[in-house]
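Undergrad: Would you mind keeping the following structure in view while I ask a few things?
What follows draws every value from the coordinates through simple rules; no lab data is involved. On a predicted model such as this, the values are computed, not experimentally measured, just so you know. Every residue, glycine as well, gets a Cβ built from its backbone with ideal geometry; the counts of neighbours run over all protein chains shown.
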Ligand SMILES: NC(=O)C1=CN([C@@H]2O[C@H](COP(=O)(O)OP(=O)(O)OC[C@H]3O[C@@H](n4cnc5c(N)ncnc54)[C@H](O)[C@@H]3O)[C@@H](O)[C@H]2O)C=CC1
Ligand SMILES: N[C@@H](CC=O)C(=O)O
Ligand code: NA
């Protein structure tokens, strides 16, 4: 047989009682008659407690009594056919009258003993079990309501009674014998002492009742029906991806519940544990879900751990001093003292030098613990053999739990890597010698981030989420959103990667949503719901959200975002940028950006700084990392200028071709940056620096394309006006090239640490002769690629290819 135990939420109202009936009925129909243990209706135990306390203070309790009656009567009215209702009302009413008499007695005496409290709260279970048994009677024959206080015999420790196993076992066995044909509804939580006075079993009492009946009757399983899908891998309020574990060992369940998974209270499992009876946690509101089986064996799992538990609030006390070294009795004295005063020690670590002991307690106990230590070790403190104990608050504990950790090396490495990468400082560490649990103490403000990060790190088969904060929604930014939106499902399905745009800003508006901004119509949402843009505030808000796997994308052409990169890295947030400004300012800044990113273990990706989406930065980095050295770089890296000289043919005027390049999205927001050579200069500078050279913008020998009048233009409009007038100049250039059967190319070179960019005319034998569209080309001559250079060629400008490059950088963050 099975024991089915239903908690308060499962008997909370008409609908949930219906669900309970369905579950009991289907178990009954399967042939094995279950034994059912019910808690009081949700909230009733607290209500009874309040009534008892009120009675003792002579505060009226009749309203509460009425409420109690209504809650039960309503269920009866809805779930029992009218013709059967009367006797049920009568019996419930009798119980309620008895309760009222007791409350009146308390009121008269103005005294509420623990014994009377137990008696009063016992009505909760008695009412609910009687009521549901009567409802069940309509569907199943031979149902009986059992008041467990006649069978569970305890001592007189009211509120927290201990069971007399021998007597209890005999009584339960004889009950089973005399009621073999019946479907029993047994009150959870209550027992009675040798004088027949009602007692209660303390926290988790109904689970305990189920475990006792289950173990005495050697049940095939004890099912604990609650309102969650079993024991989850982490607190689902914090970790959205938490999922129910199919199996756990008793030890794993103990560890997980000890730290927070409030589904069951571990001591109540002991009777089942001793008899190796599986406990199954199931959801009354989702009965089709198999739930979690807690059994002797841990069970097979693809994951190295079973779950992550956490305690949000903890205080840490540090005791140190020379007096502790080599003193074998010291920790014994310390922890005996704490145990004697009922201070629960959650975690202990001791340095191997034995110079200090750190332990964690509940914050409410911290001051008392310190006081106790001061008194107990007064002599040592006076003799300076011990330093005054210190307390640190606002801390949390996070623990990874699983029996399989024993057999899997690298678990702590994975834990600390995940925490470190996200900038979460670990204050103390403890690992049980059973290797069932590795616990860390961290700052409370990092708890949510830590739980999510560690969950991602250990349940890697699940999808990882990148949280993106993007500035710049122009040509590139908007195209990137379009691409992410189109690719969303593919990434989730094929790469287990989810990208959430948690923040967007352009120069006018900004918008946040940690759940991810819907990209279907982000423009309208930003416009209608966005706040006034403020970059400094944007960065602060991003930091404050403290999200795991967080990436800042700079899709602007403005110098402003780059002033925040260092601060962003220091908050352990990666940066992806197509904006070249940060890397091409003075060398000191370049160096400091790269050093900071490395120091904080975050990514700084800028593939699109050179050749848009073409793999150039990456190729150079790989060459350098693998020990190759750059001998020479020759390149065409301005997509705009490439396009212009590839299309400045026939009748088209130079002015028209430039305009077209802008319309095609090849130019910088300010086309003077392209035609003035600044953009190309930035790219060459970045390559030279990535190749290991210390070089400043002023070191670049930059040859001009434009006549003086165009260079002097002070606005984009002036520039175009000057360009219109410069037809003569460009036509002459073109004619000169054509007459020599050559083409015009703007070519950059890096050799011997020197960078130059110049306009050249090349013939058909030159490797850069045959280009079209916005093609870029780069040839790396290196120590290894000496005879024939490594060449990368293809479209080097345009929104689609650039956004794709930013996208690729993004998905590589943290990879
Ligand atoms: N067009 C191309 O082929 C390539 C472009 N890039 C780079 O892409 C970047 C963006 O170019 P486009 O999208 O064409 O520019 P755009 O002018 O179309 O868009 C720039 C965006 O940045 C926003 N912005 C400017 N200052 C801001 C601030 N302080 N705070 C918040 N938002 C701000 C603007 O509101 C606008 O949404 C540039 O840095 C460019 O060098 C890089 C490689 C290739
Ligand atoms: N404006 C740039 C775009 C890529 O960085 C170019 O024309 O190359
Ligand atoms: Na590139």
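Undergrad: Sorted by packing (mean other beta-carbon atoms within 10 Å per residue), highest first, where do 69-75, 251-257, 686-692, 115-121 land?
TA: Peptide ranking by packing, descending: 251-257, 115-121, 686-692, 69-75.
Undergrad: Apply 1/(1 + (r/R0)^6) to the Cβ-Cβ distance of residue 59 and residue 160, taking R0 = 22 Å, and write down the FRET efficiency to the nearest 0.05.
TA: Once rounded, the FRET efficiency stands at 0.25.
Undergrad: Additional query: Could you tell me how many degrees, from 0 to 90 and to the nearest 10, lie between the Cα long axis of helix 727-739 and the main elongation axis, the longest principal axis, of the Cα atoms of the chain?
TA: Tilt of helix 727-739: around 80 degrees.
Undergrad: Treat each spin label as a single point 7 Å out from the Cα along the C-beta direction, and report the residue 444 to residue 711 distance in nm.
TA: Calculated label separation equals 6.4 nm.
Undergrad: Still on this model: Output the 0 to 90 degree angle, nearest 10, between the alpha-carbon long axis of helix 330-340 and the longest principal axis computed from the alpha carbons of the chain.
TA: 50 degrees
Undergrad: Continuing with the same structure: Which of rounded, prolate, oblate describes region 688-752, given a ≥ b ≥ c as roots of the alpha-carbon gyration tensor eigenvalues and a/c under 1.5 marking rounded, otherwise prolate only if a/b is larger than b/c?
TA: Details: a/c = 3.80, a/b = 1.40, b/c = 2.71.
Oblate.
Undergrad: Another question, then. Quote the relative contact order of the chain in percent (integer), defining contacts as alpha-carbon pairs under 8 Å separated by 6+ residues.
TA: Once divided by the residue count of the chain, the mean separation gives 8 percent.
Undergrad: Can you put 596, 802, 714 in order of Cβ neighbours within 10 angstrom, beginning with the fewest?
TA: 714, 596, 802
Undergrad: On to the next question. Which value in deg cm²/dmol, rounded to the nearest 500, describes the helix-derived mean residue ellipticity at 222 nm for the chain, given -39,500 (n - 2.57) per DSSP H run of n ≥ 4 and division by the residue count?
TA: Calculated from helices alone, the mean residue ellipticity at 222 nm is -13000 deg cm²/dmol.
Undergrad: I need the calculated FRET efficiency for the pair residue 734 and residue 699, taking r as the beta carbon distance and R₀ as 35 Å, to the nearest 0.05.
TA: 0.65
Undergrad: Could you work out how far the C-alpha centroid of region 375-422 sits from that of region 723-802, in angstrom?
TA: Region 375-422 and region 723-802 have Cα centres separated by 61 Å.
Undergrad: While we're here: Which order results if 784, 237 are arranged by neighbouring Cβ count within 10 Å, fewest first?
TA: By the 10 Å Cβ count, ascending, the order reads 237, 784.
Undergrad: Order 12-21, 221-230 from most to least packed using the mean count of other Cβ atoms within 10 Å.
TA: 221-230, 12-21
Undergrad: Defining a contact as two alpha carbons under 8 Å apart and six or more residues distant in sequence, what relative contact order in percent does region 274-322 show?
TA: Relative CO of region 274-322 lands at 27 percent.
Undergrad: Something else now. Rounded, prolate or oblate: which fits the chain, taking a ≥ b ≥ c as square roots of the Cα gyration tensor eigenvalues, rounded meaning a/c under 1.5, else prolate when a/b beats b/c?
TA: Taking the square roots of the gyration eigenvalues as a ≥ b ≥ c, the chain is prolate.
Undergrad: Tell me, in nm to one decimal, what length is gained between residue 534 and residue 111 on full extension, where the rule is 0.36 nm per residue of separation less the Cα-Cα distance?
TA: 146.0 nm
Undergrad: Could I ask something else about it? Once fully extended, how much extra length lies between residue 490 and residue 66, figured as 0.36 nm per residue of separation less the alpha-carbon to alpha-carbon distance?
TA: Values: separation 424, 0.36 × 424 = 152.64 nm, distance 5.76 nm.
The span from residue 490 to residue 66 would gain 146.9 nm if fully extended.
Undergrad: Can you sort 500, 482, 83 from fewest to most other Cβ atoms within 10 Å of each residue's own Cβ?
TA: Fewest-to-most Cβ neighbours within 10 Å comes out as 83, 482, 500.
Undergrad: With just the Cα atoms defining each centre, how far is region 29-106 from region 212-252? Give it in Å.
TA: So the two Cα centres are separated by 29 Å.
Undergrad: Where does helix 535-545 land angle-wise versus the long Cα axis of the chain, in degrees 0 to 90, nearest 10?
TA: 30 degrees
Undergrad: Which of the peptides 730-739, 239-248 is most tightly packed, and how do the rest follow, going by the mean number of other Cβ atoms within 10 Å of each residue?
TA: Working: 730-739: 13.9, 239-248: 19.8.
Ranked by mean Cβ neighbours within 10 Å, highest first: 239-248, 730-739.
Undergrad: Using the Cα gyration tensor of region 1-123, with a ≥ b ≥ c the square roots of its eigenvalues, what is the shape: rounded (a/c below 1.5), prolate (a/b larger than b/c) or oblate (neither)? Let's see the in-between values first.
TA: On the way: a/c = 2.59, a/b = 1.84, b/c = 1.41.
It is prolate, given that a/c is not under 1.5 and a/b is the larger ratio.
Undergrad: Follow-up. How high is the relative contact order of region 464-605, in percent, counting Cα pairs under 8 Å that sit 6 or more residues apart?
TA: Worked out over region 464-605, it gives 23 percent.
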